[in-house]
Each structure stands twice: as structure tokens, then as C-alpha cells.
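Participant: I'd like to ask you about the structure that follows.
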Amino acid sequence: MKSILLHIDGDSCMEARLQAAMDIARATDGHITCLQAVSFDVFAPGDFYGSAMAAAMPVIKQAAEELRAKIEADLANEDVSWEWRFLYGMAEQRLLEQSALHDVIIVGPHDIGEEGARGPSGMAGELAIRAPVPVLVVPQHVKRLDVSAPVLIAWNGSAEACVALRAAVPLLALSSKVYLASVAEEDEKNRFDFPPTEGAKYLSRHGIDCEVVEIPRGKAKIADTLASAAQMRDCGVMVMGAYGHSRLSEMLLGGVTRKILSDPDLPVFMAH
């Protein structure tokens, strides 16, 4: 993960994902591309002459400039390689466009202007489904990303899980312990397209040992069971497939993906 695409916005999770980007860059001798996208699309009912947009533009521009100055000052004191890209437009679209020559996109768990809202980030989900690279979602409470910490791979044997596992290999190679975890289901028939042993074999070819773990189903939701398993094992990241479909008007995420992204307890690494 030499090329890291970092979403820049003045939300409460900015510091956490900036720190995560720097931790990965230091561990991989990588480069951070700070992407700040600003949109002047302001919707105001009855604003037929664009007066609300005209009034908002200077305020939005000033806030963007102040945020850039602050983050650039912070980065100037860090031992990481970085650059700044300022683009006009919706952040989701600009991140998607710029992802083609990057190895990972780092975003927060909330959509712009929707902190505290229930449900997963539509932007994170859309990027995970559509981008050609994995997405790392970093919650606010993360102070640093210890790349040597254990990692839990949420495994259900699907093609999405396989894609996420492959995409995570550079991250898994830095980890001190890798868990390939599946949740036991009552119906064992056709449970896996790819059993955990196949995932373990793939990792072994990359020199990565993993412990295959089967977690009892219990009464809790699968997402809660996986989150608890990661917490019990002091994991720093959860790797999972992004299940869902690209949207035209809304994001449709699978139940487990949606639940985990709604209020992540740890950084979530996703690929589709």
C-alpha cells in the first residue's frame, strides 16, 4: 500500500483517518494523496435566483482554505511523503475518479454533514462497491493504527470475502496475528463457496500464517458476533467483503456490512 488516497473534510473523524494514513505510510514507505473536494451546490427551496448559493460560496471556500492550512501545517512536521489535491465537485465522485492509481482509500464512517446519523455512510459504501481499490473506514476514536496489531478477517466463503482477503495481503503481512473467522450457521449445506481452508492456503502462499476460527452463532447478530470476536482478540482492523450493489439513487448494502459500518468499533477494511 504505497499510494494512499485520503479524504479530507472537516468532520470529527478527520484526525483519526489522517493518523491512520500516516501510520500506514510510515510502515510501507508510502505516499499520501490528500484529496479535498469542495462542492458549491447549495439547495434552498425558493432560491430561484441563486442568492443562497452566492452567499454560501465565500463561507465554504474560507472553511476549506482554513482546513487545508491546518492539515498542511500538521503534515509539515511529520516524516511522511504527501501531496495535496484540491478539486471542485462531490467528494464521492472525485475520490472514485482518483482511486484508479491508488492502493487504498481512507474515509470516515459518516457522510459529509451527517455526523450522528444512524446507518452506514453512503459514500463509504458506494466507494467500496465501485472503486477498483479497497476502502478503509476509520472511526473517530482511533488514535493510531498499529499495523502490527492482530487482524480479523470476516469470512463467509463468498467471492466478496475472497476479494477483500486478496486486497488486504499487504496489510496482513504487517500484522503479528491473522484470524480467519467465520460464524457457524445451522444450515451447513452449501455453506461456503470457498471454505476457510482455501483462504488459509492462499495466505500461506504469501508467507502469511493465519488461525482459522469458527465462532458459535448464538443469539447475537452476525455483525455483533464478529465485532466481539475482534475485540476479544485485540484486533486493530477487521477485513470484510462489501456486499451490495452500486446505486443510482441509494446504496444497498448487505445486512452484515450495513450493521458494521453503522457504528464501527475499529477500522474496517472493505473490498467488493
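Participant: Quickly rank 167-177, 18-28, 75-85 as a protection proxy: mean count of other C-beta atoms within 10 Å, highest first.
Facilitator: The most tightly packed comes first, giving 18-28, 167-177, 75-85.
Participant: Whole-Hz ³J(HN,Hα) for each residue in region 218-223, computed from phi via Karplus 6.51 cos²θ - 1.76 cosθ + 1.60 with θ = phi - 60°, x for glycine and proline: what do you get?
Facilitator: x, 9, 6, 5, 4, 4
Participant: If the cut-off is 26 Å between C-alpha atoms, which lysines fall inside it for K201, apart from same-chain ones fewer than 8 positions away?
Facilitator: Filter leaves K2, K177, K189.
Participant: At a Cα cut-off below 23 Å, give the lysines reachable from K70, other chains included and same-chain residues fewer than 8 away excluded.
Facilitator: The qualifying lysines are K61, K143.
Participant: At 1.4 Å probe size, with every protein chain present, just tell me what the per residue accessible area of region 58-187 comes to in Å².
Facilitator: 47 Å²
Participant: Still on this structure, please answer the following. Sort R166, R94, R205 by accessible area with a 1.4 Å probe, largest first.
Facilitator: Reading off the accessible areas and sorting them downward yields R205, R166, R94.
Participant: Near the amide H of H31, under 5 Å away, which other amide H atoms are found, from residues 5 or more places off or on another chain, if H is placed in the peptide plane?
Facilitator: Here the answer is S3, I4, since their amide H atoms fall under 5 Å of that of H31.
The values are calculated or read from the model by the stated rules, or taken from the named source; none is laboratory data. Predicted, not measured: the structure shown is a model, and the values here were computed from it. All Cβ positions, glycine included, derive from the backbone under ideal geometry; neighbour counts span all protein chains shown. In case anyone asks, the SASA skips ligands and DNA or RNA and just uses the protein heavy atoms, side chains included. Shrake-Rupley method; radii C 1.70, N 1.55, O 1.52, S 1.80 Å.
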